[in-house]
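Where a number appears in this text, it was derived from the coordinates with a stated rule and is not lab data. Since we're looking at a predicted model, the values are computed, not measured. Virtual Cβ from ideal backbone geometry, glycine too; neighbours counted across all protein chains shown.
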């Protein structure tokens, strides 16, 4: 029985493992950034909802239930676009603080 093990066989596996760890860390960072941006979008949508609640409900034209639902959906979409394209800074601050708690290198919770 031949039990000879060639060490070169395991060299590629360690490189593959290191590449997988690097990709996982990058996807973790992207996931954290997306989660922070989505949280910012939720906060902006809540701000819009609060602003809309101060509008007078009675006017010349009655507001139907469908119009209120559409307005809420529109506000949600606008909030997502604002958070992802023109951030107010809340998402980035959340990212920095959570990344610092996670111990990511190069991120400081200023």
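Here the calculated FRET efficiency for residue 71 and residue 32, from their Cβ-Cβ distance with R0 = 30 Å, stands at 0.45, rounded to the nearest 0.05. Neighbour counts of other Cβ atoms within 10 Å put 60, 98, 44 in the fewest-to-most order 60, 98, 44.
Using a simple spin-label model with pseudo-atoms 7 Å out from Cα toward Cβ, residue 60 and residue 97 lie 4.5 nm apart. Going by a ≥ b ≥ c, the root eigenvalues of the Cα gyration tensor, does the stretch 30-90 fall in the rounded group (a/c under 1.5), the prolate group (a/b larger than b/c) or the oblate group? Prolate is the answer for the stretch 30-90, as a/c is 1.5 or above and a/b outweighs b/c.
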